[in-house]
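Asker: Dropping a structure here in structure tokens format, bear with me for questions.
The values are calculated or read from the model by the stated rules, or taken from the named source; none is laboratory data. For clarity, every value in this text was computed on a predicted model and none was experimentally measured. Reconstructed Cβ throughout: ideal geometry from the backbone, glycine too, with neighbour counts over all protein chains shown. Areas reflect the complete protein model, heavy atoms only, side chains present, ligands, DNA and RNA absent. Shrake-Rupley method; radii C 1.70, N 1.55, O 1.52, S 1.80 Å.
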Amino acid sequence: MKLFRTKSLTSTISETTALRRCLSAFDLTIMGIGAIIGAGVFVLTGIAAATKAGPGICVSYIVSGMASMFAALAYAELATSIGGCGSAYNYSYVVFGEIIAWIIGWDLILEYTLSVSTVAIGWSGYVNDALMSLHVSLPSQFLHNPFEGGMINLPAVGIIVLLSVLLCVGVKHSSRFNAAIVFIKLLTIAIFITVAARHVDVRNWGNFFPFGWTGVMQGAALVFFAYIGFDALSTAAEETINPQRDLPIGIIVSMVICTIIYIIVSVLLTGIVPYTTLNVKSPVADALMAIGYPVASGIVAAGAIAGLTTVMLVMYYGLTRIFLAISRDGLLPQFFAHTNARTRTPIKIILLSGSVIALIAGFVPIASAAELVNIGTLAAFTLVCGSVIVLRYKQPNLDRPFRLPWNPLIPVLGLIFCLYLMINLALITWYFFLIWAGIGFVIYFLYSYKHSILNRSQ
């Protein structure tokens, strides 16, 4: 049995599984910002500063940003030369073979599902706070899952249902909704920067590295969650009008903008209040309240709701496209591989994955799944960087509309940075990751290998 079977660089997509090309470079850039700016800037910055890195959290963001930027450049080259809607799954299939591709695809399904579910729970908390400020209170049993003494986290389930409808209607409508929310989010961040810049107390930076360099690296491994989402852009290759030009622009520009925002916000946040006070669920809003700006604090809380909404939308979108790519290859039931004739969206996949996400968000306590998501993403980034290097040797004459500068230096640096961040994750995270991968191997040999289109064709 050949475990490392590969498919050709081009594959035939039937009319019933085709997606509609309607996204521009601007759409992709806004989608990237929508996916990246969310829980990281509004939640993780404060938590990581208080528990891991102190004011040195800005250095943590620089390290994570560099790792993500190297990976983003690798994604840009592969997205324009290989394409497809499967992101790292597609690239690994072409370069490393089917079984490696299946494991990383299986891993990405978990990553995106947990990401959307986790953010939905956080979104629910912010919405409840906003309602309480308006003197509207929801019954406690509808705000907590059964493990926390409630019945269901109803707001978390409700937002997943809304996003499912948006994705079913079509990606262009979803991108317009995303653009409107991103504008609100960027306006909110601009308000925070304007207010905070006038109230920086340099004494708060006195102990800049309270946890040492180890703390900075552990902080980088944690806040890496903030960058998760840009890779979802590569799943839009089949729906981009001019993917060879627009995909690199969308991926790289959104990454640069978001990295700069993260560094500025982290510097100002630890400058206006002591880092020890930031281990709360809404650190940015609480910091503004602490320096006497309740109105600005309320605006930031509203911006956090908007930010988390777009993160969920883009991550949910990426999940459905990866699921579609795997189903097309027969590794998951091909029943899911069809798109709606009118909207050109994979409605069956959207409804199935949305149901699973809603069940997790509504009934399961997974509020601290960030590190488990991080290791899956870092594994995908590592394979993508490795794919660039290997493909240069396997297919030296392959048309590469976007070619990495200084190759192979950039993918090698990407490999080093991603592996280093993985090492700094908790050991329990590695256990869960290996267990999930083990389940993936069992499914592959019991089902996927037998039903693979490539296997049947051979």
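Asker: Averaging over every viewing direction, what projected area does the convex hull of the Cα atoms of the stretch 344-430 cover, in nm²?
Answerer: Working: hull surface 35.9 nm².
So the Cα hull casts an average projection of 9.0 nm².
Asker: Related question: Which value at 222 nm does the chain reach when only helices count, each DSSP H run of 4 or more adding -39,500 (n - 2.57), with the total divided by all residues and rounded to the nearest 500 deg cm²/dmol?
Answerer: Value at 222 nm, helices only, nearest 500: -21500 deg cm²/dmol.
Asker: Ignoring ligands, DNA and RNA, please state the percent of accessible area on the chain from carbon and sulfur, probe 1.4 Å.
Answerer: Exposed carbon and sulfur together represent 70 percent of the surface.
Asker: For the chain, please report how many Lys pairs fall under 27 Å Cα to Cα, leaving out neighbours fewer than 8 apart on the same chain.
Answerer: For the chain, the number of qualifying lysine pairs is 11.
Asker: Looking at the square roots a ≥ b ≥ c of the eigenvalues of the Cα gyration tensor of the stretch 227-319, which shape do they give, rounded for a/c under 1.5, prolate if a/b is larger than b/c, or oblate?
Answerer: Prolate, since a/c reaches 1.5 and a/b exceeds b/c.
Asker: Further question: Using C-alpha positions alone, give me the convex hull volume of the chain per residue in cubic angstrom.
Answerer: 136 Å³
Asker: Considering the options 259, 323, 247, tell which one lies farthest towards the positive end of the dipole of the stretch 209-340, charges being +1 on Lys and Arg and -1 on Asp and Glu at the Cβ, about the Cα centre.
Answerer: Projecting each Cα onto the dipole axis, the largest value belongs to 259.
Asker: Once you mark the chymotrypsin sites (Phe, Trp or Tyr not before Pro) that are in a DSSP loop and have at most 10 other Cβ atoms within 10 Å, what is the longest gap between them in the chain?
Answerer: 5-405
Asker: Could you tell me which residue out of 178, 292, 210 lies farthest along the dipole of the chain toward its positive end? Charges go on the beta carbon: Lys and Arg +1, Asp and Glu -1, centred on the Cα centre.
Answerer: 178
Asker: I need the helices of the chain that pass two filters: whole DSSP H segments spanning 18 Å or more by Cα along the axis, and mean Kyte-Doolittle score no lower than 1.0.
Answerer: Both cut-offs are met by 57-81, 154-169, 171-196, 243-272, 294-328, 347-363, 370-394, 409-423, 427-443.
Asker: Give me the dipole magnitude in Debye, nearest 20, for the chain about the Cα centre, with unit charges on the beta carbon: positive for Lys and Arg, negative for Asp and Glu.
Answerer: With Lys and Arg at +1 and Asp and Glu at -1, about 880 debye.
Asker: Right, here's the next one. List, in order, the whole-Hz ³J(HN,Hα) value for each residue of the stretch 41-52 obtained from phi through the Karplus relation with A = 6.51, B = -1.76, C = 1.60 and θ = phi - 60°; use x for Gly and Pro.
Answerer: Each residue of the stretch 41-52 in turn: 6, 8, 10, 5, 4, x, 5, 5, 5, 6, 10, 10 Hz.
Asker: Could you report the chain's accessible area per residue, 1.4 Å probe, as an integer in Å²?
Answerer: Per-residue value: 38 Å².
Asker: Further, regarding this structure: For the stretch 391-458, what class follows from the C-alpha gyration tensor (a ≥ b ≥ c being the square roots of its eigenvalues): rounded when a/c is under 1.5, otherwise prolate if a/b is larger than b/c, else oblate?
Answerer: oblate
Asker: What residues have an amide H closer than 5 Å to that of residue 23, excluding those fewer than 5 places away on the same chain, when H is modeled at 1.01 Å from N in the peptide plane?
Answerer: Counting only residues 5 or more places away or on other chains, the set is 240, 241.
Asker: Once the piece of chain linking residue 435 and residue 183 is laid out straight, how much longer is it, given 0.36 nm per residue of separation minus the C-alpha distance between them?
Answerer: Working: separation 252, 0.36 × 252 = 90.72 nm, distance 4.03 nm.
Result: 86.7 nm gained on full extension.
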